[in-house]
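In what follows, a structure is listed as structure tokens, so that the remarks can point back to it.
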Amino acid sequence: MARRGRGTIGRRKGRRGWWVRFWGHDGRRKLRFGGETITQAEAALERLLDEDADQAAAADQRNPLLSEFLDDEYLEVIRGKLSPGGYVAAKGRLVTAAALLPFLMRDVSEAEAEDLFAVLAETRKPGTMKAYRCALSQAWRSAILRGYADADPWPSMRVGKEQEIAIPFLSEQDLVRIYAAMPTLYRPLVVMLGETCARRGEMLSLTWDRVAPDLSTITFGGARDGSGGTKSGAVRAVPVSKRARRVLERIRARRGSIPMHGPDRVFAEIGATWTPWARKAWKAAAATIGHPTLRLHDLRHARASLLVRSGVPIPTVQRWGGWKSPELVLRRYGHHAPTDELARALALSEAAAAASRREDRLERAKRDRA
């Protein structure tokens, strides 16, 4: 491989002719066919470098609005990098911010960024504001690589501390009571949420090809069309309890002679979203059992607490519920665990933390030697 300024010229195994490789102004490596001879490849490299320089000059002169940058380039860039759910969430945050940010990207300073954050924070929680900060910072870093911005003002934005929400403990009797209080239309969905530790979006988008033929397990994530996607993008299999299996059997029997194709949604009667009518029905049911502030998502916490209390290993609960780590489950639900299980979980947590510290020390040693 021969070097020519910013690029290289050489042959590729199994390919004919000469190839050129260079780094563009956007920080990406470009590989192009140069020609049958090395002279043609040298000329091709010079031409490509000149074209890239022209594009860089045009980018320096361009100073788009965030909305223009999103429509022209960035949304297509992140579409292939994020899960379907992650892409929709990131797009929503960026589009919302673009509507409130009338400045050119190169002209956005920390003062303008703080003003935008103040407006957004009026109706959003700190956790959501962290997601906005992350999405905007990634967009600005991509714009800097393309020459559309000079600096990223978002990492310095301060976000308030997330307020801890008291999660009420629900017994099995409480769950049975709230199941019974729900209208017939929404009761199957609520039962499945309370029995599987699933999130509302995961269950609403669940399709029959993700349910085992014998109704013993449900698989969330991994569908080719993106349906049933999980928050983290990971695939997980969840066992189905007897109560949840009876619900699935009734849904399947109610379909009668209608064929159940793979992509068919299990809860097709409800729709793909949690409607205002459903929220009203849930609030009424929660008030019936004496928990008027109970959220639908609290069913997930309730089942996790009951699993931990019954002695199910914390790593197993983490795997079924799709939490990021056993340590998170231990921190949130560990006080429900039996004493011996809690001791084992603490030992595992300490061992994982020690391993992480050891890996960090090795990485620092490698960097120091380099």
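The values are calculated or read from the model by the stated rules, or taken from the named source; none is laboratory data. Since we're looking at a predicted model, the values are computed, not measured. Backbone-built Cβ (ideal geometry, glycine too); neighbour counts: all protein chains shown.
Details
- Flag for Gly147 being in contact (Cβ under 8 Å) with a residue 24 or more places away in the chain and either of a type in the set (D, E, K, R) or at positive phi (or both): yes
- Residue tally, condition in contact (Cβ under 8 Å) with a residue 60 or more places away in the chain and surrounded by 15 or more Cβ atoms within 10 Å (Cβ to Cβ), over the stretch 285-314: 16
- Scanning the stretch 181-213 for residues that are touching a helix residue (DSSP H, G or I) at 6+ places or on another chain (Cβ under 8 Å) and either more than 13 Å from Phe267 (Cα to Cα) or of a type in the set (S, T, N, Q) (or both) returns Ala181, Met182, Pro183, Gly194, Glu195, Thr196, Cys197, Ala198, Arg199.
- Filter result for Glu51 (without any contact (Cβ under 8 Å) to a residue 40 or more places away in the chain and closer than 30 Å to Gly7 by Cα): yes
- Met203 vs. criteria at pLDDT 90 or above, more than 22 Å from the chain's Cα centre (by Cα) and in the same structural domain as Ala278 (by TED's automatic domain parsing): no
- Of all residues in the stretch 75-104, exactly one satisfies the criterion of being in contact with a strand residue (DSSP E or B) (Cβ under 8 Å, 6 or more places away or on another chain) and assigned to a helix (DSSP H, G or I), namely Ala98.
- Test: residue in the stretch 167-184 that is within 23 Å of the chain's Cα centre (by Cα) and either more than 30 Å from Lys91 (Cβ to Cβ) or not aliphatic (A, V, I, L, M) (or both): no
- Checked against (1) within 30 Å of the chain's Cα centre (by Cα); (2) at pLDDT below 85; (3) part of a helix (DSSP H, G or I); (4) farther than 18 Å from Ile144 by Cβ, Asp72 passes all but a single condition, namely (4).
- Pick from the stretch 3-15, criterion part of a loop (DSSP other than H, G, I, E, B) and farther than 24 Å from Ala143 by Cβ, ranking: modelled with the lowest pLDDT: Gly5
- From the list Glu112, Glu172, the lone residue that is touching a residue at least 40 places away in the same chain (Cβ under 8 Å), closer than 22 Å to Pro64 by Cα and outside the structural domain of Trp323 (by TED's automatic domain parsing) is Glu112.
For every residue, the table says whether it meets (1) within 26 Å of Ala135 (Cα to Cα); (2) modelled with pLDDT under 85; (3) buried (at least 17 other Cβ atoms within 10 Å of the Cβ).
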| position | (1), (2), (3) |
| --- | --- |
| Gly17 | no, no, no |
| His25 | yes, yes, yes |
| Arg28 | yes, yes, no |
| Phe33 | no, no, no |
| Leu45 | no, no, yes |
| Ala53 | no, yes, no |
| Ala57 | no, yes, no |
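- Candidate set from the stretch 269-284 (those that are surrounded by fewer than 15 Cβ atoms within 10 Å (Cβ to Cβ) and over 12 Å from Arg295 (Cα atoms)); member that is modelled with the highest pLDDT: Trp277
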